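Participant: Mind looking over this structure? Questions follow.
The values are calculated or read from the model by the stated rules, or taken from the named source; none is laboratory data. In this text, all values refer to a predicted model and were calculated from it rather than measured experimentally. Heads up, the Cβs are rebuilt from the backbone with ideal geometry, glycines too, and the neighbour counts pull from every protein chain shown. Only protein heavy atoms, including side chains, enter the accessible area calculation; ligands, DNA and RNA are left aside. Shrake-Rupley method; radii C 1.70, N 1.55, O 1.52, S 1.80 Å.
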Amino acid sequence: MSSISIIGLGQMARVLADRALDGGNTVEVIGRDAAKAAEVAGALGRGATAGTVGAAPAGDIVILAVPHGSAVPLVGQYGDALAGKVVVDITNPFNSSATGVVTPDGTSVAREVAKAAPASVHVVKAFNTVFGHVLAQRRPLDVFIAGDDARAKASTSAFIESIGLRAMDTGGLEMAQWLEGAGVLMMGLGRQGVGNYDFSLGVSIAA
């Protein structure tokens, strides 16, 4: 099993922490409000702990469950405290109407995170194409991932599989741009074709 640190205390952070614990992983939750982080860890139980912002995360895998605009500054703040970690960026850089992304063409939040991180950090994009409330329903889901380091993707995939999901590798970190675009696609489907947000994207293998 994996050791996971989750930076963020929102819905997605809590759902991921809960599922990670169910999968037998160790979990540390980290938030700027230390009291709230301790409260979340206590509510999760099962050995979940609360970490301190800026201190070296306990987990080998560090999940950035924060607003997209906070991801790069946060990684810069941590600096060498992230050395040797796998950093998983789950953010979606939506514009104000969620009809596009705010990142320039040719890049992504994940790639900017990789630039801001120490050289020994390996960044993986994952979970941005899964709605938090759908993840909480414990359906069998596909999680699309992208990253440049094979071992980092393997450890992220093992974590994903430990929580009952299927990891689908889309390629190198350049694919994160398109995964973030898929997040926009999902918002459009929710508004139009599907008419709600109780769905997921997945891969069906033709016979």
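Participant: Where does region 1-90 land on the Kirkwood hydrodynamic radius, alpha-carbon pairs, in angstrom?
Facilitator: Final number for the Kirkwood radius of region 1-90 is 12.7 Å.
Participant: Another question about this same structure. Can you tell me how much longer the chain between residue 115 and residue 32 gets when fully stretched, taken as 0.36 nm per residue apart minus their C-alpha distance, in nm with one decimal?
Facilitator: On the way: separation 83, 0.36 × 83 = 29.88 nm, distance 2.33 nm.
Once the chain is fully extended between residue 115 and residue 32, it gains 27.5 nm.
Participant: Same structure, new question: Show the residues, 5+ positions off or on another chain, whose built amide H is closer than 5 Å to the amide H of residue 87.
Facilitator: Hits under the 5 Å cutoff: 62, 122, 123, 124.
Participant: Indicate the helices, whole DSSP H runs only, in the chain that combine a mean Kyte-Doolittle hydropathy of 0.0 or more with a Cα extent along their long axis of 20 angstrom or more.
Facilitator: 176-191
Participant: Still on this structure: Rounded, prolate or oblate, given the Cα gyration tensor of region 1-48, with a/c below 1.5 counting as rounded?
Facilitator: Prolate, since a/c reaches 1.5 and a/b exceeds b/c.
Participant: To the nearest 20 debye, what is the magnitude of the charge dipole of region 1-51 about its Cα centre, counting +1 on the Cβ of each Lys and Arg and -1 on the Cβ of each Asp and Glu? The partial results should precede the final answer.
Facilitator: Numbers: 5 positive and 5 negative charges, 10 e Å.
It comes to approximately 60 debye.
Participant: For the chain, with a Gaussian network of springs between Cα atoms less than 10 Å apart, report the residue from 194, 184, 66 with the top mean-square fluctuation.
Facilitator: Fluctuation is largest for 194.
Participant: Right, here's the next one. If you scale each eigenvalue of the Cα gyration tensor by 5 and take the root, what three semi-axes come out for region 89-142, rounded to whole angstrom and sorted largest first?
Facilitator: Semi-axes from the Cα gyration tensor: 23, 18, 7 Å.
Participant: I've got another one for you. Would you work out which of 88, 141, 70 lies farthest towards the positive end of the dipole of the chain? Charges go on Cβ: Lys and Arg +1, Asp and Glu -1.
Facilitator: The Cα lying farthest towards the positive end belongs to 141.
Participant: Another question, then. Could you give the accessible area per residue of region 1-58, probe 1.4 Å, as a whole number in Å²?
Facilitator: Per-residue accessible area for region 1-58 comes out at 44 Å².
Participant: Once you've got the GNM for the chain with C-alpha springs shorter than 10 Å, pick whichever of 97, 162, 120 has the biggest mean-square fluctuation.
Facilitator: 97
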